[in-house]
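Written out below as structure tokens is the structure these notes cover.
The values are calculated or read from the model by the stated rules, or taken from the named source; none is laboratory data. What you are looking at is a predicted structure, and each value in this text was computed from that prediction instead of being measured. FYI the Cβ positions are ideal-geometry reconstructions off the backbone, even for glycines, and counts take in every protein chain you see.
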Amino acid sequence: GQQVMQIPQYQHVQEGEDFTTYCNSSTTLSNIQWYKQRPGGHPVFLIQLVKSGEVKKQKRLTFQFGEAKKNSSLHITATQTTDVGTYFCAFSGTYKYIFGTGTRLKVLA
Amino acid sequence: DGGITQSPKYLFRKEGQNVTLSCEQNLNHDAMYWYRQDPGQGLRLIYYSQIVNDFQKGDIAEGYSVSREKKESFPLTVTSAQKNPTAFYLCASSRTSGFSYEQYFGPGTRLTVT
């Protein structure tokens with residue numbers, strides 16, 4: 001079945017450094033969503049990308065959808081301790097959502 | 001205040017007992033989902049329901065059962081047949097199971113079976 005791989009699995013950064021997580025699929029995706037899960041919490045929707053080559057920004061977060069709609073990235077500029085958590089990508093398969101394996105971000109103050 | 005509630009937050013059970021996790025939403029969403037999350041792992045789909053009185057198995061349905069008698073409610077029963085039931089269980093809902101709708105998650109239930 002369809003799968004999405006996320007890299008890296010873990011990332012430790014110093015506060016103020018940038019961070020990027022990548023989501024890759026072997027098949028073309030109809031859309032890509034990004035979620036954030038704080039430690040001990042539940043996933044919270046961040047954004048959805050639908051168009052080929054789409055780029056969206058939310059303050060320090062930049063989301064991209066690849067031209068071939070097979071990959072996506074989330075970039076955080078100048079990380080803060082509030083960015084700690086696990087970031088998941090997901091896409092809508094047939095009648096269900098398929099989540100990536102997640103990237104766990106730790107920010108060192 | 002619209003949202004998804006799950007209860008209880010923590011649940012402890014003895015091995016061999018069935019246990020039912022509650023999930024209620026007042027978002028008027030058609031689709032509901034149950035996921036399992038193990039420490040340091042991603043989300044694995046257990047069951048999903050697109051409409052009342054209908055549900056489908058996800059990737060890891062063995063040892064679990066669900067019902068969808070009301071639009072607002074989608075309880076999950078972890079049966080004694082589930083070999084490794086200790087996990088974090090997340091319920092979610094969306095406007096429809098189709099294209100382009102975000103999922104809203106409940107706060108989760110941490111189940112420990114000893």
TODO: Among the candidates B:Y101, B:Y89, single out the residue that is outside any strand (DSSP E or B), at negative phi and surrounded by 15 or more Cβ atoms within 10 Å (Cβ to Cβ).
DONE: B:Y101
Task: Single unsatisfied condition, A:G40 versus (1) within 19 Å of B:P107 (Cα to Cα); (2) in contact (Cβ under 8 Å) with a residue 24 or more places away in the chain - done: (2)
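Here is a yes/no grid of residues against (1) surrounded by 20 or more Cβ atoms within 10 Å (Cβ to Cβ); (2) closer than 17 Å to A:E17 by Cα; (3) within 11 Å of chain B (Cβ to nearest Cβ):
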site	(1), (2), (3)
A:F45	no, no, yes
A:G66	yes, no, no
A:T79	yes, yes, no
A:G85	yes, yes, no
A:G100	yes, no, yes
Open item on the list: Residue pairs, Cβ under 6 Å, 6 or more apart or interchain, first in segment B:17-31 and buried (at least 18 other Cβ atoms within 10 Å of the Cβ), second among the β-branched types (V, I, T) and not in a strand (DSSP E or B). List them.
Closed with: B:A31/B:T96
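Here is a yes/no grid of residues against (1) under 12 Å from the mean Cα position of the chain (by Cα); (2) among the charged types (D, E, K, R):
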position: B:Q41; (1), (2): no, no
position: B:I51; (1), (2): no, no
position: B:D59; (1), (2): no, yes
position: B:R68; (1), (2): yes, yes
position: B:T79; (1), (2): no, no
position: B:L90; (1), (2): yes, no
position: B:S93; (1), (2): yes, no
position: B:F105; (1), (2): yes, no
position: B:T109; (1), (2): yes, no
Task: Residues being surrounded by 18 or more Cβ atoms within 10 Å (Cβ to Cβ) and either among the β-branched types (V, I, T) or within 10 Å of chain A (Cβ to nearest Cβ) (or both) - total across segment B:59-86 - done: 2
Open item on the list: Return the residues of segment B:67-86 that are among the polar types (S, T, N, Q) and either under 19 Å from A:S92 (Cβ atoms) or part of a strand (DSSP E or B) (or both); say none if nothing qualifies.
Closed with: B:S73, B:T77
Task: Unmet criterion (only one of (1) without any contact (Cβ under 8 Å) to a residue 24 or more places away in the chain; (2) within 17 Å of A:K96 (Cα to Cα)) for B:E62 - done: (2)
- [ ] Kindly indicate the residue of segment A:47-64 that is aliphatic (A, V, I, L, M) and more than 13 Å from every other protein chain (Cβ to nearest Cβ) and also surrounded by the fewest Cβ atoms within 10 Å (Cβ to Cβ) among those meeting that condition.
- [x] A:V55
- [ ] Of the numbered conditions (1) modelled with pLDDT under 95; (2) within 11 Å of chain B (Cβ to nearest Cβ); (3) surrounded by 16 or more Cβ atoms within 10 Å (Cβ to Cβ), A:S25 fails exactly one; give the number of that condition.
- [x] (2)
